[in-house]
Every structure is written in structure tokens, then in C-alpha cells.
Amino acid sequence: SSAEKTTMKKIIFLAIAALAAAGFAGCTNSDEVGYDIEPKVLLPNSGLQKIILTASATDADCEVWIYRSGYRDGVSTASLHVDTEALDAYNQIFGTAYIAMPEEYYELPDAPVRLGNDGRPHKMEIRLDVSEIGAGSLYVLPLSVDSPDTPVSESCATVLLFPVRSVTDENAE
């Protein structure tokens, strides 16, 4: 059922988040990044991603990469959606208090992407309006990948974009 699938997704995300806390970052498991025979759609740079902002930045362009693993011929369709349940799960496992970024603070691509099995990921451009985000903000944009025609890798399905503003431009590197 849908509720069981959502619960399983949360449990798997919590397990992956725990591994990330132990020092693992993104998808490094060879089973997830192209060695499966059956295709999967995934985000190679999943997990919490800090976006360092200068003190004067008013917007930020972010890149989220979507990848199709596997050796089978074919094409997969994929898109990104805001996933507040994944953010809630992350906050629960790490004891953090990140807040879902308000809708007026970001622009997501409308069109889904088509991925072949050529080993090339597709870049999705995300524009963030950070003019109202100050130092110490807890706003995060939680994005998960969806596919109507290909299984999604549960362990690499979500990225949390976290804009971090420096107090002065000298602190930004």
C-alpha cells in the first residue's frame, strides 16, 4: 500500500542518513551507481548539501544530478519533487530542526528528463531566492527523484539543499 511504501521509504532514508553521519557521503555503493543489471533512477549526490552563500547573495543556482544506473537498454523518465517527509525523517534521525523552504523561495524545472543507459547523468537547474535567508537560517529544500517507468534507488532518492549565509564575504570560500 501507499502508506507502507512511504513508511519503508522513511526507514530506508533514516538508515542511509545514519550511514552519512558515520562519514559516508552520497552514493558510493557500486550496486547503486551502475553495476546493477536492472535500471534504477538515483541522485548521485544525495544527502545534505550545503550551498555556501556570500553575505550579499540574493539568489543561488544549484545543480541536482539525476542518473540512470543499470546495463539494460532503454530510456527512463525522471523528475524532482519537494519531499517534506524526507526532511522530517532527517530531522528525526539527527535531532535537527531544519525547516522546509517556502515555495516562493525556489524554482523547480517543470519538465521531466529522459535518461538513457549511456552512463551520463542529467543536470537539473534549481534557482533559489535567498534574499530573505539570513545567517543561521534553518531553511532546507528537500528534493526527491520520481520515475513513472523505472524503479528509484531508495538509498539515493533525496537531496537536501541547505543554503548557508556567511556573516561577511571574507568568510565565504
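Please report the net charge: other residues with Cβ closer than 13 Å to the Cβ of Asp73, K and R +1, D and E -1. List each step's numbers first, then the result.
On the way: positive: Arg68, Arg72; negative: Glu38, Asp118.
Here the count lands on 0.
Order 122-133, 150-161 from most to least packed using the mean count of other Cβ atoms within 10 Å. Each step should come with its number before you reach the end.
Numbers: 122-133: 16.2, 150-161: 21.7.
Top to bottom by mean Cβ count within 10 Å: 150-161, 122-133.
Where does each of 75-81, 102-108 land if you order them by average Cβ count within 10 Å, highest first? Could you put the intermediate results ahead of the total?
Numbers: 75-81: 17.7, 102-108: 13.7.
Order by mean packing, descending: 75-81, 102-108.
Can you give me the pair-distance distribution of the range 84-123, C-alpha pairs, 10 Å bins, whole percents?
The percentages, shortest bin first, are 22, 28, 32, 18.
Throughout, read-outs are computed from the coordinates displayed, never taken from laboratory work. A quick note: this is a predicted structure, and the numbers were derived from the prediction, not measured. Cβ atoms come from the backbone with ideal geometry, glycine included; neighbour counts cover every protein chain shown.
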